[in-house]
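Just below is one structure, and these are the notes that go with it.
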Amino acid sequence: MTLVAFWTFAAVAIASAVLCITRRSPVASALWLVNTLFSLAAIYVLLDAPFIAAIQVLVYAGAIMVLFLFVIMLLNLGRTAPGDIKGPWGRAVAVAAGLVLVFELVALWLAAPPGELELPAGTVAGTVAARGAVQAVARPLFQGYLVPFEVTSVLLLAAIVGAVVLAKRRL
Amino acid sequence: MSPVTGSAFFWTSVVKILIVFGGILSLVAFWTWVERRGAGWIQNRLGPNRVGPEGLLQPAADGLKNFLKEETLPPFADRFVFLLAPVMAFVPALITFAVVPFASPLPTPWGLVSPAIADLPVGFLYILAISSLGVYGVVLAGWSSNNKYSLLGGLRGSAQLISYEVSMGLSAVAVLVLAGNITMNEIVARQQHSVWFVLPLSVAFLTFLIASFAETNRLPFDLPEAEAELIAGYHTEYSAMKFSMFYIAEYSNMVTASALMVTLFFGGWDIPFTAWDNTPPWTVLKFVATFAAFWLKVVAFLFAYVWVRWTLPRFRFDQLMDLGWKVLLPVALGYVMVIAVAVWGLGAAGVPFGLGYGLILTAVSAVLLGLLLWGLDRNRVIGGSAARQRARWLADAARQRGAA
């Protein structure tokens, strides 16, 4: 049953991802991306990670993609936008990047997952039952990995400052 | 008694889904009637009273009309997205309710039936996640109609919903800090063992209330459809059943938002001043009593929606954005910090969670709420126009005495 659900959502996710990059209309692309994000959230639920799934829908599907659509509508982008890949050199770089990605996927597929990544069955469910879905994520995040977490926030701040600088050349 | 498992779990879930969604849709139909009769009452006129006793069958007549009307499709509209948009508004509005517990557990021959459709471990986050998807209906309807007014409505809708979602989430964080968990059952249980969170978290309730009016696109925040400016905003081009689906979505969102305010701040299915309803031997009588208590509270909030709609005028869009980002967001953020410090301090002082704990926080929040209302008001609303009118009368009287 779980396996059927996994393959269904995996197939939907991959098909939507392909449609996302092949559609000409930016709005259609964005909608297919939303569909991919949803299928990923469903797969997270199958992995006993309901918190990550809820955050995935809340942040990506509910906020970021809405902003994407907002920008697309505000600029009223036409149906045939020029692509970023231009000329023979652009195509060559795109093909090279794609080949690197395929190589990485094959390497990951061939390598066996390290043993410490595979938890004994029922570990996640037990932790959730004992400490709640959020505390299971919050404790490591704010105790063990506090410094990386804070550094990430600086990264986001840099992105915001960059966006403001780009949008307002003359401050 | 142990919870239901196996095929009994499946069948009880199916029954719960049918009852809850049937119930919500009937409540929505009934509430369109209440809204129009309430509008008539507030504006000193009758409202629809011809179809059936007191006009009670008016929703059925409207539904029939919407089924039989012509479905129009504007030329140059994006056909697929145009058809998709009402569905994207309709579905999230109906499935958000799934995690709200609406009564005490019900004992059956097969075991104890949980009062919510799904007891998710992420409870409240599920509601935030799914309700944040409702905006797609507004945005896509506005964009696909190929109509400038619709597009403006859609743009306003997405900006407004994203802005107020932040304040809504932040004011709920105060509740989650106090409850210590995000499952809806735990939030209700914590309120049963102290006081309803509306007292210790009054500022959060105020910001949550305002944000939920904005999230449901209701007056004074119905800018996405503002009929005086945008014809009907994002659903201008929709007719018949597709238009009706937007309406059902709006009213279901109202029901869910009311249920959410009841669960987070008014004790959920708790009956006040007694512990009879929340102690274990669960009986059918307790189920019925708590069920009635929950829906009574929800209906009270639903009536507040109607009341506010016919009392307050619509905001201007820049005022809306100012209120969201410059007032609600800082207030909600600051209040979360205050509550977190207070909870930490009470924990460090060793105060046990209970009535006294709640009353200490109530005192803190009452002071903050008073300061906030005084700061927002500064003698302009409370006693504002009435005080000015009184001053005018007094001045007139003095002038007449002087003339005489």
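The values are calculated or read from the model by the stated rules, or taken from the named source; none is laboratory data. If you're wondering where the values come from, they're calculated on a predicted model, not measured in any experiment. Don't worry about glycine lacking a Cβ; one is built from the backbone with ideal geometry, like all the others, and counts go over all protein chains shown. These accessible areas exclude ligands, DNA and RNA; they are computed on the full protein's heavy atoms, side chains included. Shrake-Rupley method; radii C 1.70, N 1.55, O 1.52, S 1.80 Å.
Here are some notes:
- Number of positions in the range A:1-24 that are surrounded by fewer than 17 Cβ atoms within 10 Å (Cβ to Cβ) and either hydroxyl-bearing (Ser, Thr, Tyr) or under 19 Å from B:VAL139 (Cα atoms) (or both): 3
- Residues within the range A:34-62 that are of a type in the set (Val, Ile, Thr) and more than 12 Å from the chain's Cα centre (by Cα), tallied: 2
- Each residue in the range B:138-148 was checked for being in contact with a Gly (Cβ under 7 Å, 6 or more places away or on another chain) and away from chain A (no Cβ under 11 Å), and 1 of them qualify.
- A Cβ distance below 7 Å, combined with a sequence gap of six or more or placement on separate chains, defines the contacts here; from the range B:267-283, residues that are in contact (Cβ under 8 Å) with a residue 24 or more places away in the chain and in a loop (DSSP other than H, G, I, E, B) reach residues that are open to solvent by less than 60 Å² (accessible area, probe 1.4 Å) and among the acidic types (Asp, Glu) in the pairs B:ASP270/B:ASP277.
- Selected residue [aromatic (Phe, Trp, Tyr) and closer than 30 Å to B:THR108 by Cα] from B:PHE301, B:PHE315, B:PHE243, B:PHE294: B:PHE294
- Unmet criterion (only one of (1) of a type outside the set (Ser, Thr, Tyr); (2) more than 29 Å from B:ILE95 (Cβ to Cβ); (3) in contact (Cβ under 8 Å) with a residue 24 or more places away in the chain) for B:VAL51: (3)
- Applying the set (1) of a type in the set (A, V, I, L, M); (2) touching a helix residue (DSSP H, G or I) at 6+ places or on another chain (Cβ under 6 Å); (3) within 11 Å of chain A (Cβ to nearest Cβ) to B:ALA159 leaves exactly one unmet item: (2).
- Scanning the range B:108-137 for residues that are open to solvent by less than 10 Å² (accessible area, probe 1.4 Å) and touching an Asp or Glu at 6+ places or on another chain (Cβ under 9 Å), we see that the one that is farthest from the other protein chains (Cβ to nearest Cβ) is B:GLY123.
For every residue, the table says whether it meets (1) touching a residue at least 12 places away in the same chain (Cβ under 8 Å); (2) surrounded by 13 or more Cβ atoms within 10 Å (Cβ to Cβ); (3) touching a strand residue (DSSP E or B) at 6+ places or on another chain (Cβ under 9 Å).
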{"site": "B:THR5", "(1), (2), (3)": "yes, no, yes"}
{"site": "B:TRP11", "(1), (2), (3)": "no, no, no"}
{"site": "B:ILE19", "(1), (2), (3)": "no, no, no"}
{"site": "B:GLY22", "(1), (2), (3)": "no, no, no"}
{"site": "B:TRP41", "(1), (2), (3)": "no, yes, no"}
{"site": "B:PRO74", "(1), (2), (3)": "yes, yes, no"}
{"site": "B:ALA77", "(1), (2), (3)": "yes, yes, no"}
{"site": "B:PRO86", "(1), (2), (3)": "yes, yes, no"}
{"site": "B:ALA98", "(1), (2), (3)": "yes, yes, no"}
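- Residues in the range B:219-266 that are assigned to a helix (DSSP H, G or I) and of a type in the set (Asp, Glu) were compared, and the one that is farthest from B:GLU70 (Cα to Cα) is B:GLU229.
- Set side by side, the residues B:GLY350, B:GLY324 differ, and just one is open to solvent by less than 70 Å² (accessible area, probe 1.4 Å) and not in a loop (DSSP other than H, G, I, E, B), which is B:GLY324.
- Qualifying residue in the range B:184-204 (condition: crowded, with 24+ Cβ neighbours inside 10 Å, out of contact with any strand residue (DSSP E or B) (no Cβ under 9 Å at 6 or more places or on another chain) and within 14 Å of chain A (Cβ to nearest Cβ)): yes
- Residue among B:ALA232, B:ALA275, B:ALA249, B:ALA228 that alone is among the small types (Gly, Ala, Ser) and either buried (at least 22 other Cβ atoms within 10 Å of the Cβ) or in contact with a Ser or Thr (Cβ under 6 Å, 6 or more places away or on another chain) (or both): B:ALA249
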